[in-house]
Amino acid sequence: MENNTLDKAVSADYQLGFEVDIETDTIEAGLDEETIRFISAKKEEPLWMLEIRLKAFKKWQKMSEPHWAHLNYEPIDYQSISYFSAPKNAPDSLDEVDPKILEAYKKLGIPLDEQKQLQGIAVDAVFDSVSVKTTYSEELQKHGVIFCSISEAIQDHPELVKKYMFSVVPMTDNYFAALNSAVFTDGTFVYIPKGVRCPMELSTYFRINALNTGQFERTLIIADEGSYVSYNEGCSAPTRDEHQLHAAVVELITMKDAEIKYSTIQNWYPGDEDGKGGIYNFVTKRGLCKGDNSKISWTQVETGSAITWKYPSCVLKGDNSVGEFYSVAVTTLAQQADTGTKMIHLGKNTSSTIVSKGISAMKGQNIYRGLVKVAKSATNARNHSECDSLLIGDQCGAHTFPYLESKDNQGQIEHEASTSKISDEQLFYLRQRGISEEDAVSMIVHGFCKEVFSQLPMEYAVEAKALLNLTLEGSVG
Amino acid sequence: MLTIKNLHANIGDNKILQGLDLTLEAGKVHVIMGPNGAGKSTLSKAIVGHYDVEVTEGSIDYKGKDIVKLPAEERALEGIFMSFQNPTEIPGVNNAYFLRTALNAKLKHEGKEELNAAEFLRVMREKLSSLEMKTDMLSRSLNEGFSGGEKKRNEILQMLILKPDVIILDEIDSGLDIDALKAVAEGINSMQDGKRTFLVITHYRRLLDYLTPDYIHVLKNGKILKTAGVELVDKLEEEGYDWIKAE
Amino acid sequence: MMKLTDLQNKLQNEFQIAESKSELVEKFLDLGLPNKKSEAYRYANMDKLFDQEFETLEYNAKELAYSDKILIVNGEVISMPKGIRVYYANTDEQNINLEHYDPLYFLGHLLSKKSIIIEIDGDSEVDILHRITKASTLIHYRIVIKTQVNKHASIYEHFEFDNAHESLLLYGYDVDVQKDSTLTFVKNQHSDEDAPTIIASHDIKVEKQASLTLQSFDFGNAPALQLFNIVLEEHAHVDMGQLLYLWGNVKRGTISKIIHRGESSHSVQEAKNILEGSARGIFDAIIKVEHSAKYTKTQQNSKTILLGEATYMVAKPQLEIYIDELEASHGSTIGQLDIEQLFYLRSRGITEVEARKLLIVAFANKLIGTIRDKRQEELINQNFEKAFYAQNQKTNLL
C-alpha cells in the first residue's frame, strides 16, 4: 500500500481538542512548600494530610527523574507548571455545575446529565484539579458503596484513607509517584463493602482544560472480602502547542475473594506529527491482591498522549490470586508509548495473563515492557504472556522488552511475541470483496485488537472501537 | 461483457501475458485450460487487479470502460469476483462480520438499503444450508484453521451473497473431494441466470462434467492459442497441449 | 598485583590531563566498570570481582611449537597446527568497535596491547584450547580471527583448568566473517571448582551473504558470562544456539545484541537452560532491526527447565524494530518437565529417574544434536551426560 494513503488513514484529527472558556481559580506556575500548603488549604485538608504531602515533597526533591524508558522527550520544567486549577463556584448539585462544564462533558459524550444517568453508570467527573460532579452517590450508598472524590474521602473517611493510601504505591515508589503524593489535587475514591457486588459500572472522566497546568490525580479503590466492582476511566485534553504533564497514581486493593476490574480508555491530546504539544503521561498504577482467591484485572486502550510511561501492575500476594493485563496501545503521529505491566507472584497457585497489542504508525514508537517475577514462595505459579506488534508504514518502531524472572521450580511461565505489518495479501483479499482500503485496514486492526476489546464492559468496548477508528481515520487513496 | 485486448502483464521481471485477447460473453461459461506456468492465474489476477501483476500494455474493457487502472475494491463493487486458489487466513476477523461488511458495501454501492444483523443472518442461514456448511463457521475467524474444502465453500458462499456479474473461479476444484466438488458446482450452477459470465480455470474435466461450458480457451505462452466448444476437452485430456500452436 | 577499580581510577585521572584523548579509554570510562545498575551485568552481580586483588602476568611472544591444535596457556600462545598462521600484532584502535555496549570489551582491549591473530587459510577446521593454571590471577587476551572470502572455516573451542580458582579470565574474539564465507564456532566449556571466573566479550561482523553458526555449551558451577555484539550486513545469516546446564550456586549465561543492518539478513537464536541446585541462569538478548534492514527475518527463543529447589532464571528476549517489512517473533518459557510426558514414559514401565533423564537429555539434545561435526557432538554429549550423572548422583536421584 502507498505510504501516504496509510499516513492519511492513521492521522485523523484529534476530535476532543476544544477548550472551554470558564472562570477558573488557577495558581501561578511553580512548586515549593507554599504551593503544597496552598493546595492543602484550598482542599481544607486535615493537618495529617498536609504533613504527608510535605514529607513526600522533601523526598521528591532528593530524587531524580528516571530515564531508563525507551523515550525521547524535552526535559520537563517542573517550575513552569501550575499545580492547581479549579472552576470557580464549586457545585453542590448537578444544577449548580457551570453549564459550560456540562456542555464540555456533553461534547465528550460523558453521562453527567439526568438522561444519561438512565444508562446506569455512575460517574465522577474531574475537571482540571477538582472533581466537579459525582453522580449516583446516593443510590450507591444504599449498598454501602462509597464512591466519591478523594478530597471528600480525606474529609469523610480518614480511617480508610490513612490505612490504605500509600499501602500499594509507597510515597517514594518512583519520581512521579512522589511528585503526585506531594501535589495531588483530586481523584476518585471507591470502597466496596464485604460481600457487595457493585450494582453498576463506576466511571471517572478526567479532563485537563486550563493552560500550563498539570493534572495529578490519585485514585484509591478498596474491594473488601467477597466484593466486586468494575471501574472505568476516560480522559481528554484540549489541543495546545505546549506539553502538559499528567502524573497520576492509582492504587487497588482486593481482600479475600474480591475482584476489581479496572478499564482505561486514554485519549489525552497526542500532539501533532512533529511532536509539538501533547500530554506527557507518567502514571503509576498498581493493584494488590491482598486476600486469597482475589483478582485484579487491568484493561487499557491507549490512543492518546505524546509520551506514555505506564505499567499497571499486580502484586499477587494472596494464595490463588489472579492478575490480568490486557492492553491496546496505538502510537501514530510522533507519539511514544513505553507501557506494559509487572506481575509479581508471591502467593501459592497464583496466575497471571498478559495480552498486549501494540500498533505503530507514521513516526510512532511503541514499546512493550513487562516483568513477570515469580518468588520462591509462589509455588505453582502460572503466567502466560502474549505481545504482538503491528507496524503500519516504515518510519515507525515496535519494541518488545519482556523480563521473566522465576525462582519457582513448579511454575510455568510462557511468553510469546510477534511483530508484523498488515500483509498485502490480507488487504487485497478484503479489497477484492469490495471493502475500501481504509475499512480493510480498520477491519484487520480491529481483528488484531479483538482479544483486548472483548475484556471491556459493553459500553466502553463500543467507545474503544469508535476511538480506534477515529485514530485510524482518514481517506482512501 | 468483458473484453481483453492485447494484454501484456508481468510478475516481477517475468513477462507472463504477451498480447492476450479474450472476450467473455454475457450468460456464458468460459473455461481456460493450459499447461502449468502458461499464465492462467496471472490472467485472473490481472482482471481483479492483484498487486503482484503489472499490466504493461493492452486493455480490459468492462461495462463500457477500461478497468486496468481501477483499484481492486472498485472492480469488486462493479461485479467482478474471483475465488482464490488459496484463500488468505485473517486471524481475529470474524467471518460473519466480514461477510456482512462486504455485502453491505456492495448494497450501498448499488444504492440499496443495507442489511441489519437479523436480516443478514436469515440470508446466511439459507445459503449455508444450501452449501451444507455448518453455521458455526460464521463465528470463526476468516478462513483461519479452515480445511481446504471449508475454505473453498467459504469462497462460494461469498459468491452467492455478493451476486457478482463476472465470476472467476481459479482452480476452485483443487483439493476437493467428490461431495465438496458437487456442492461447489451446485453453488456455481445456481448462479447461472443467462446474464452472469463465468471464467473457470482448471486442469481437470471432472469439474466441467458438472458445469455446462460454452467455450474452452487454451492459454499457452501468454496468449489464447485456441478457442473451441466443449468437445476440445476430450482431445486435451488425451493429447495434452503440445499439439496446439498459434492459429 | 592490581585491582580493576584502581585501574579505572588511574585511567580516569590520566584521561583528564591527557592532551590527545584515546576514544577507547573514553568509551570505557563512559560505560565504567559494571555495577548493580549497569543493565548488562545486573543479574550476574560481579561487583566483588572488580574489587579483588589479582596477580598479573607479563606476556612474551615465544617461538611457537607445532601441535594438532592452537594451545593458549595463561594467555600465551604455545603451539599451533601446521597450515594456520598465528602471531601477535599491535591492536589498532581503528579496528575497535566503538558501538559495542560492553565496558569489558573495551577494558579487554585496553589491557591487551597486542592481539593474537589467527589466520585461517581456505577451508579448514581448527581447535583452540584455553588452558588456565594460575590461581588469583588476572589473565586477559584478545583474539582476532581472520577468514577468507568464500571459504568455510570451523573453530572448536575447549577449556582446561588446573588450580585456577579465584582467577579472572577476560578474553574475547574480534571476528569479521568475510563476504560469501561461512564460519562455524562451537564452544565446549565445562567449568567447575577449579575454574576461574570467565568473561568472554566478542565483537562479530557478518559481511554480505556470509553465514555464521555460533554454538555454546556451558556446563558447571563456576561463574561465567559470554557477551556478543553481532552486526549483520545484507543477506548475512547468523544461527545461535546456547545450552546452559548449571548447578551449585552459580550465576551464568549469555548477553547478546544482534543488529540487523543490511537487507534480507536473517537471525535465529535458540537458548536452552537447565538449572539445578541454586543456580541462576541469564539470557538477556536484544535483536535490533535497523531502518536499513528491510526483509529481515528473525526468531528468538529461550526455554528453561528449573530442576533445583532454589534455582532462578532471568530471561529477557527483546526485540527493537524500526522497519515494517520483516518477520520477527520471539518466545520464552520457564517451567519444568512435562508431567504428561513423564507419566507416559512411566506407564510404559520406565522408572521416574530414568524418565526424567530421558526428557532432560532430549531437551538438551535439541541443541547438541545440531552440531554438524560428529566428533564434537560426541565430545559434548559425553560432557553433558557426565555432568548430568555426577549431579544426580550427588542429589541421590540415581
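Observations
- Carbon plus sulfur fraction of accessible area for chain B, probe 1.4 Å, in percent: 46
- When the GluC sites (Glu not before Pro) in the stretch A:341-442 are filtered for DSSP coil states and for at most 15 other beta-carbon atoms within 10 Å of their beta-carbon, no site remains.
- Heavy-atom accessible area buried between chains A and B is around 2100 Å² (1.4 Å probe, both sides summed).
- Taken about its Cα centre, chain C carries a charge dipole of about 720 debye when Lys and Arg each add +1 at the Cβ and Asp and Glu each add -1 at the Cβ.
- Label-point gap, in nm, between C:Ala18 and C:Val353 - each point 7 angstrom along Cα→Cβ: 5.9
- Within the accessible area of the stretch C:4-336, the carbon and sulfur atoms contribute 44%, probe 1.4 Å, all protein chains present.
- Residues B:Glu114 and A:Lys42, FRET efficiency given R0 of 45 Å [Cβ-Cβ distance, rounded to 0.05]: 0.25
- Label positions at A:Asp156 and A:Met458, each projected 7 Å from the Cα along the C-beta direction, are separated by 3.0 nm.
- Share, in percent, of DSSP beta bridges within the stretch B:2-239 that are antiparallel, nearest 5: 60
- At R0 = 25 Å, FRET efficiency that the Cβ-Cβ distance of C:Glu327 and C:Asp180 yields, to 0.05: 0.55
- Paramagnetic label zone (point 7 Å from Cα along Cα-to-C-beta, C:Thr133; backbone N under 20 Å) in the stretch C:143-159: C:158-159
- The protein assembly as shown - Kirkwood radius from inverse mean 1/r over Cα pairs (Å): 33.5
- The C-alpha atoms of chain C occupy a region whose extents along the principal axes are 75, 50, 46 Å, arranged from largest to smallest.
- Working from the Cα coordinates of the stretch A:262-394, the gyration tensor eigenvalues give, after taking √(5λ), semi-axes of 31, 14, 10 Å in decreasing order.
- Inverse of mean 1/r across different Cα pairs in the stretch C:195-325, Kirkwood, Å: 15.1
- B:Ser190-C:Tyr295 FRET efficiency (beta carbon distance; Förster radius 51 Å; 0.05 resolution): 0.70
- Neighbour net charge for A:Ala182 - beta-carbon separation under 9 angstrom, K R +1, D E -1: +4
- Per residue accessible area in Å² of the protein assembly as shown, where ligands, DNA and RNA are left out and the probe is 1.4 Å: 39
- Total formal charge among the other residues, if their Cβ is under 11 angstrom from that of A:Asp408, Lys/Arg +1 and Asp/Glu -1: +3
- Summarising the label geometry, the points placed 7 Å from Cα in the beta-carbon direction at A:Ser64 and B:Glu74 lie 6.0 nm from one another.
- Annotation for the C:A interface, with buried accessible surface near 2800 Å², both sides summed [1.4 Å probe; non-protein components not counted].
- Contact residues in the stretch B:50-94 by the 30 Å² criterion (accessible area, 1.4 Å probe, full protein complex versus chain alone): B:Tyr51, B:Ala72, B:Glu73, B:Ala76, B:Phe84, B:Thr88, B:Ile90, B:Gly92, B:Val93.
- Over the Cα atoms of the stretch B:2-239, the radius of gyration divided by the Kirkwood radius equals 0.96; this is the Rg/Rh ratio.
- Using 0.36 nm per residue and subtracting the Cα-Cα separation, the extra length available between B:Glu89 and B:Ser174 on full extension is 28.8 nm.
- Label zone at B:Lys63 (point 7 Å along Cα-to-Cβ), backbone N below 18 Å, the stretch B:91-114: B:102-114
- Binning the alpha carbon pair distances of the stretch A:378-477 at 10 angstrom intervals from zero yields the distribution 12, 33, 31, 16, 7, 1, expressed in whole percent.
- Overall Cα dimensions of the stretch C:155-250, principal axis frame, Å, largest first: 44, 21, 19
- Springs between Cα atoms under 10 Å define the GNM used for chain C, and in it the highest mean-square fluctuation of C:Ser278, C:Ser67, C:Ser115 occurs at C:Ser67.
The values are calculated or read from the model by the stated rules, or taken from the named source; none is laboratory data. Note that this is a predicted model, so its numbers are computed, not measured. Note: ideal-geometry Cβ built from the backbone for every residue, glycine included; neighbour counts use all protein chains shown. The protein model used for the area step is the full one, side chains on, heavy atoms only, and it has no ligands, DNA or RNA in it. Shrake-Rupley method; radii C 1.70, N 1.55, O 1.52, S 1.80 Å.
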